[in-house]
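The values are calculated or read from the model by the stated rules, or taken from the named source; none is laboratory data. Worth saying up front: this structure is predicted, and the values here are computed from it rather than measured. With ideal geometry, Cβ positions are generated from the backbone for all residues, glycine too; neighbour counts draw on all protein chains shown.
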Amino acid sequence: MKFKRLITNYREISYDPDLKDFAKQMRNNSTKGEIKFWCEVLRKQKSGYQFYRQKILLNYIVDFYCAKLKLVIEIDGTSHLEKTEYDKNKDKDLHSLGLKVVRYNDLDVLNNFELIEKDFYKTIKEREQELNIKT
């Protein structure tokens, strides 16, 4: 597998360029929970940070990624019930890069959005403190 480097102001991360088409396809076929989370919280930097959708990191595609916060947000639908080992390995590999991975259940995003949104903003504040980011 050939890897390229994603170079940001915050870190250099390898990624598999062969996943670009699949990531684009995933952006065009997002789950309802991903769409809601994107529209209500992440789009147009409502959170105060730039997030990217369906970002390739290593040989994974993450739902949402913020380079400055070194934060990955995953919205897990029913397909993840069968991917627990894959998700554990993915989280472990991303943690090894210094990234924090937060997972929300797709149904919770749709049905308990206020709680998810509150937890998300709490996570941002915690991450700012962990990384000593001044706002």
> Quick check: anything in region 12-22 in a helix (DSSP H, G or I), loosely packed, with under 12 Cβ neighbours inside 10 Å and at pLDDT 85 or above?
Replying inline: yes
> Among 64, 51, 113, which is touching a helix residue (DSSP H, G or I) at 6+ places or on another chain (Cβ under 7 Å), farther than 17 Å from residue 26 by Cα and not aliphatic (A, V, I, L, M)?
Replying inline: 113
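Quick grid of which residues meet (1) part of a helix (DSSP H, G or I); (2) under 27 Å from residue 17 (Cα atoms):
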residue	(1), (2)
44	yes, yes
64	no, yes
68	no, yes
93	yes, yes
101	no, yes
121	yes, no
126	yes, no
130	yes, no
